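The structure under discussion appears below in the form of structure tokens.
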């Protein structure tokens with residue numbers, strides 16, 4: 001994979017986590033190729049840095065006290081997988097829902113493909129239905 005080494009990817013993941021913890025949407029977006037793509041249960045298919053920055057800002061606005069931590073990261077060639085643990089309080093509009101004050105806990109997986117020290121594609125995997133239950137959009141059926 002010309003243009004990206006294991007060390008490059010490790011460094012990018014460290015910068016990515018630092019920017020996420022700092023809630024720095026502009027810096028996060030700059031880590032993606034100008035034509036980068038993010039595929040997400042919440043945002044759908046996002047193309048380009050402006051859209052990627054917008055979705056980060058939406059998350060930061062909806063969960064202003066959001067904390068994150070990397071559970072694990074794996075690198076194979078020009079691909080990386082990061083497993084995140086996210087928690088926060090629903091204190092801003094999210095998915096058209098006014099703030100509920102509900103606390104959320106979520107595990108997310110980011111599958112990334114990189115080239116030339118930038119993320120060219122990222123697929124986010126998480127339990128979106130469980131998230132909607134936590135913020136109060138959906139009701140879970142009680143266990144018998």
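Laboratory data are not the source of any read-out in this text; all were calculated from the coordinates shown. All figures in this text were calculated on a predicted structure; none of them were measured in a lab. FYI the Cβ positions are ideal-geometry reconstructions off the backbone, even for glycines, and counts take in every protein chain you see.
Here are some notes:
- One chain, two ends: residue 68 and residue 117. Fully extended at 0.36 nm per residue, the span grows by 15.4 nm beyond their Cα-Cα distance.
- Rg in Å to one decimal, and Dmax rounded to a whole Å, for the chain via C-alpha atoms: 15.6, 55
- Set of the stretch 36-54 residues, backbone N closer than 19 Å to the point 7 Å along the Cα-Cβ line of residue 93: 42-44, 51-54
- Shape class of the stretch 1-66 from the alpha-carbon gyration tensor: oblate, with a/c at 1.5 or above and b/c at least as large as a/b.
- Extension gain from residue 47 to residue 22, taking 0.36 nm per residue of separation minus the Cα-Cα distance: 6.7 nm
- Measuring r between the beta carbons of residue 7 and residue 57 and using R0 = 22 Å, the FRET efficiency lands at 0.15.
- Using the rule -39500 (n - 2.57) for each DSSP H run of four or more residues, divided by the residues of the chain, the 222 nm mean residue ellipticity is -9000 deg cm²/dmol.
- Between helix 6-21 and the chain: long-axis angle, C-alpha atoms, 0 to 90°, nearest 10: 30 degrees
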